[in-house]
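*Asks:* Pasting a structure here, questions to come.
The values are calculated or read from the model by the stated rules, or taken from the named source; none is laboratory data. Small disclaimer: the values here were computed from a predicted structure and weren't measured. Neighbour counts are summed over all protein chains in view; Cβ atoms, including those assigned to glycine, are modelled from backbone coordinates with ideal geometry.
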Amino acid sequence: MAVRRAREGAVHLVRRADLLFALVFFILFLSTSVVFAEVETRVRIIEASNAGSSIDPSLGDVHDQLGTLFNFTSYRLLRELNLSLVGNRPVEVLIHRGRSMEVTLFGQYLKTVELRIKIRRDGMNILNTQVRLSHGRTVLIGGPQHGEGVIILAISARF
């Protein structure tokens, strides 16, 4: 009788463990399927220099960040691009002569996305980094020489 009760108790525990395992598997399945959702990414190519002291009005949302991170007096928007990124499919963008940037969405979570950024000069990688962005936030990456200053990339995501 005691052996029978022990077996019934063990069977009950196994059923509960199976149910818990199935629940955990289902939650993991749902969270990994989000990785392939589309993420709208805004890339702004900015020229920063010490020639003058003007700041392009379209850069108002990143003005404070620019001043904190970089030591230039003038910031001018050269180009703005809107990219639709899908999991693990790189998108290449021409920055300027001989320089390009590859952006890849490689992770998406409830409140953040992870992007891989590669900058190439004449086909050779000069920067390979990863950034984590929350919705609407912007990351700034100092780039190559351009004219009297440098290129700065402002990257933000909406999802």
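*Asks:* Pull up the range 75-117, narrow it to residues that are touching a helix residue (DSSP H, G or I) at 6+ places or on another chain (Cβ under 9 Å) and among the charged types (D, E, K, R), then point me to the one that is surrounded by the fewest Cβ atoms within 10 Å (Cβ to Cβ).
*Replies:* For the range 75-117, the residue satisfying everything is Glu80.
*Asks:* Also: Pick from Leu105, Leu59: which is assigned by TED's automatic domain parsing to the domain that holds Leu140, at pLDDT 95 or above, assigned to a helix (DSSP H, G or I) and not hydroxyl-bearing (Ser, Thr, Tyr)?
*Replies:* Leu59
*Asks:* Is it the case that Val139 is aliphatic (A, V, I, L, M) and closer than 15 Å to Ile46 by Cβ?
*Replies:* Yes; evaluated as a whole, the condition is true for this residue.
*Asks:* How about the range 139-159: which of its residues are surrounded by fewer than 16 Cβ atoms within 10 Å (Cβ to Cβ) and touching an Asp or Glu at 6+ places or on another chain (Cβ under 7 Å)?
*Replies:* Once the filter is applied, which keeps residues that are surrounded by fewer than 16 Cβ atoms within 10 Å (Cβ to Cβ) and touching an Asp or Glu at 6+ places or on another chain (Cβ under 7 Å), the range 139-159 yields Gly147, Arg158.
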